[in-house]
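**Q** Pasting in a structure now, in structure tokens, and then I'll have a few things to ask.
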Amino acid sequence: MFESLADRLNGVFDSLRGRGALQEDDVRAAMREVRIALLEADVALPVVRRFIDKVTEQAVGQQVLRSVTPGQQVIKIVNDALVEMLGGGDEDASRLDLDAKPPVVIMMVGLQGSGKTTSTAKIAKRLREKEGKKVLMASLDVNRPAAQEQLAVLGQQADVATLPIVAGQQPVEIANRALQAARLQSFDVLMLDTAGRLHVDEALMAEMKAVASVAVPREVLLVVDALSGQDAVNVAQSFTGEVPLTGVVLTRMDGDARGGATLSMRAVTGKPIKFAGTGEKLDAIEEFHAVRVANRILGMGDIVSIVEKAAESVKAEDAERLAKRMEKGEFDLNDLRMQLQQMTKMGGLGALAGMMPGMKKAKQAMAASNMDDRVLLRMDAIISSMTPDERAKPALLNAKRKRRVAAGSGVEVQDVNKVLKMHQEMSKAMKQIKKMGGLKGLGALFG
Ligand code: GDP
């Protein structure tokens with residue numbers, strides 16, 4: 001899921017190339033694209049507006065870290081804002097609140113087909129398995145034929161008790177009977193699977209309110225289908241204010257929803273997303289992790305962590321030392337090796353893909369020679385097989401020496417040539433960077 005949004009943002013951030021502080025014009029240009037991308041992903045317009053305003057305000061004037069590009073820095077800011085929009089890193093908010101006198105009542109609401117019954121059984125199973133709770137489930141759905149039987153079957157599969165079915169009872173009566181049974185038989189948790197409708201209507205809302213007033217639920221979870229896009233947002237809006245929602249369950253997160261619903265849901269309901277349904281099986285449910293989903297939306301989790309790592313761990317002196325050497329045109333194979341080692345440390349080629357200015361050329365050269373992360377290690381081995389003199393002066397490497405290096409590192413002579421070619425490409429790219437941005441440009445390259 002979310003592919004198009006990630007692609008789009010990739011394109012946008014590629015074009016940010018200034019240094020120093022983030023300029024307002026650049027940020028606004030980038031945000032125009034982010035806005036379109038979010039709208040295309042079906043995020044509700046007011047939510048998009050709020051998001052853009054906030055990110056713009058945060059980004060303009062921010063100093064670009066010395067070892068990342070402005071694009072990377074903006075991605076980090078967008079990422080952090082997304083995490084917040086999705087409910088923040090506040091894991092407590094997305095946990096079920098069962099801290100009350102048992103039986104604690106969890107009421108499940110939502111439209112027909114949203115995955116309500118399945119989610120009821122999934123959550124019940126989790127509570128039994130992970131928290132050792134004794135759970136009773138009851139279906140209050142008297143509209144849909146066989147809805148109560150469906151829950152009974154799921155209960156058997158999940159090894160969770162269900163309230164015996166009594167034909168002809170109305171939802172409030174069933175709720176009362178379930179409460180009584182739960183009390184008498186000392187259940188910890190009572191889960192009420194309420195009726196759905198094809199559309200939100202007054203009768204449905206009246207029924208939900210009536211049930212809520214007798215059952216006094218600790219949690220009221222709205223179940224919505226992530227694939228239904230803007231509809232899911234409308235549904236959430238209708239339920240909010242009518243019933244005292246405490247959280248949202250997003251189902252079909254295993255499908256390829258465009259992600260807009262996820263992004264809007266928290267903003268529209270003001271309630272945390274507590275679970276994500278990821279399949280039809282009763283184990284296919286996960287706690288909702290804002291950080292993970294934001295990373296998935298951007299498709300740039302690696303970049304975000306690069307910026308974080310760069311901020312913490314990359315030594316400015318290294319970059320500066322290299323910069324000084326570069327100014328004297330002294331980029332040798334020792335420096336290349338240091339670069340390779342740093343790239344490996346920072347997550348390999350994939351993570352760095354095309355994001356750093358000047359690295360593009362080298363990247364193309366790498367792609368042309370089918371480079372992957374194992375190749376980084378092999379290149380390191382090749383350079384290690386050279387003498388210090390050869391590393392400092394690659395021109396010394398004649399055919400005979402190349403054969404020795406190849407034998408020493410267990411590769412072919414052509415592999416040695418590739419390393420030398422790459423060194424040349426990088427030397428060239430660096431000279432360009434020096435022209436473009438001097439020390440700061442180099443800082444970016446030598447992240
Ligand atoms: P209800 O009418 O809201 O109670 O919906 P159901 O629980 O009966 O679910 C409707 C259909 O959606 C069933 O076929 C479920 O197996 C399926 N379903 C529910 N949750 C998920 C999910 O997270 N992923 C997928 N792929 N299917 C789901």
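The values are calculated or read from the model by the stated rules, or taken from the named source; none is laboratory data. Note that the structure is a prediction, hence the values are computed from the model and not measured. Cβ atoms come from the backbone with ideal geometry, glycine included; neighbour counts cover every protein chain shown.
**Q** How about the stretch 237-249: which of its residues are crowded, with 17+ Cβ neighbours inside 10 Å, over 15 Å from Glu202 (Cα atoms) and either not polar (S, T, N, Q) or not assigned by TED's automatic domain parsing to the domain that holds Val223 (or both)?
**A** Correct list: Leu245, Gly247, Val248, Val249.
**Q** Can you report the number of residues in the stretch 136-159 which are in contact with a Lys or Arg (Cβ under 6 Å, 6 or more places away or on another chain) and among the β-branched types (Val, Ile, Thr)?
**A** 0
**Q** Could I ask something else about it? Out of all the residues in the stretch 167-180, is one or more among the hydrophobic types (A, V, I, L, M, F, W, C), farther than 21 Å from Gln112 by Cα and modelled with pLDDT of 95 or more?
**A** Checking the stretch 167-180: at least one residue is among the hydrophobic types (A, V, I, L, M, F, W, C), farther than 21 Å from Gln112 by Cα and modelled with pLDDT of 95 or more.
**Q** Please find, among Asp193, Asp188, Asp201, the residue that is surrounded by 14 or more Cβ atoms within 10 Å (Cβ to Cβ), under 20 Å from Ala236 (Cα atoms), of a type in the set (D, E, K, R) and under 35 Å from the mean Cα position of the chain (by Cα).
**A** Values: Asp188 fails: under 20 Å from Ala236 (Cα atoms); Asp201 fails: surrounded by 14 or more Cβ atoms within 10 Å (Cβ to Cβ).
Just a single option satisfies the conditions, and that option is Asp193.
**Q** Also, I was wondering about something else. Return the only residue of Glu129, Glu149, Glu57 being in the same structural domain as Thr246 (by TED's automatic domain parsing) and more than 16 Å from the ligand (Cβ to nearest atom).
**A** Glu129
**Q** Just need a number here: residues in the stretch 100-150 that are in a loop (DSSP other than H, G, I, E, B), surrounded by fewer than 23 Cβ atoms within 10 Å (Cβ to Cβ), touching a residue at least 60 places away in the same chain (Cβ under 8 Å) and hydrophobic (A, V, I, L, M, F, W, C).
**A** Looking only at that region, the number is 1.
**Q** Just to check your reading of the model, which residue among Leu250, Leu221, Leu190, Leu263 is within 26 Å of Val43 (Cβ to Cβ) and modelled with pLDDT of 95 or more?
**A** Selected residue: Leu221, the only one of Leu250, Leu221, Leu190, Leu263 that is within 26 Å of Val43 (Cβ to Cβ) and modelled with pLDDT of 95 or more.
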